[in-house]
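Inspection log for the structure reproduced underneath, given as structure tokens.
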Amino acid sequence: MSFLAALPGPDLTLTGLSLADYENLVVRLPDDFSTTTPITGSATFTTDEALLAGETDTGPDDGIETGTFTVTVNSEQDVEITAQDITVIEDLGAPIPLNLDVDITDIDGSESITSLTLDFANLPTGDTVLSDSTVLNAGNTQWTGTVAELQSLAVASLPTH
């Protein structure tokens, strides 16, 4: 089997292929390719008799037939987030680990995490301090960091009430 690179652009036309060539035709899309628009096309097959007779494709009774096809490429989940609910006693007296993790599930290795942000909601009134000294309150409900920082992130202290 041999591969030919397609020229850049929205259209690809292959001519002069035999039936065996068509039966073995493989279209290989770029690694990690996804699109919201299906790839569409048509294939026209012409018999040797149609060529000799100078026929054109006028319907199902001639020696030239055209069929259409659609290729739909579904995107896949490239990131997996591990999170679970946590319940602790009110006066635990120790940091509360958030037990959060994130992993790349992209099989071709072309993806990487470029940003990581946590958004907190329903924080108690006052300052909630995370293990990395980030202070969360009514004016700041977001945390940003790296995967390693996320994996060790905990609530260091909650406001007293």
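The values are calculated or read from the model by the stated rules, or taken from the named source; none is laboratory data. Being a predicted model, the structure only gives us computed values, none of them experimental. With ideal geometry, Cβ positions are generated from the backbone for all residues, glycine too; neighbour counts draw on all protein chains shown.
Counting only strands (runs of 3 or more DSSP E) that sit completely within region 16-124, those holding 2 or more residues that are hydrophobic (A, V, I, L, M, F, W, C) and farther than 30 Å from SER157 by Cβ correspond to 39-46, 64-71. Taken over region 16-26, the criterion of being loosely packed, with under 10 Cβ neighbours inside 10 Å and in contact with a strand residue (DSSP E or B) (Cβ under 8 Å, 6 or more places away or on another chain) is satisfied by LEU19 alone. All of THR47, THR40, THR13, THR36 fail the test of being surrounded by 10 or more Cβ atoms within 10 Å (Cβ to Cβ), within 30 Å of GLU76 (Cα to Cα) and outside the structural domain of ASP106 (by TED's automatic domain parsing), apart from THR40. So, in region 73-85, of the ones that are of a type in the set (S, T, N, Q) and under 14 Å from the mean Cα position of the chain (by Cα), which residue ends up surrounded by the fewest Cβ atoms within 10 Å (Cβ to Cβ)? Going through the qualifying residues, I end up with ASN74.
Candidates THR160, THR82: the one that is in contact with an Asp or Glu (Cβ under 8 Å, 6 or more places away or on another chain), of a type in the set (Ser, Thr, Tyr) and more than 30 Å from THR40 (Cβ to Cβ) is THR82.
Residue-wise test of (1) outside the structural domain of LEU25 (by TED's automatic domain parsing); (2) surrounded by fewer than 10 Cβ atoms within 10 Å (Cβ to Cβ); (3) touching a residue at least 40 places away in the same chain (Cβ under 8 Å); (4) charged (D, E, K, R).
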{"residue": "GLY63", "(1), (2), (3), (4)": "no, no, no, no"}
{"residue": "GLU90", "(1), (2), (3), (4)": "yes, yes, no, yes"}
{"residue": "LEU98", "(1), (2), (3), (4)": "yes, no, yes, no"}
{"residue": "THR114", "(1), (2), (3), (4)": "yes, yes, no, no"}
{"residue": "ASN122", "(1), (2), (3), (4)": "yes, yes, no, no"}
{"residue": "ASN137", "(1), (2), (3), (4)": "yes, no, no, no"}
{"residue": "GLN142", "(1), (2), (3), (4)": "yes, no, no, no"}
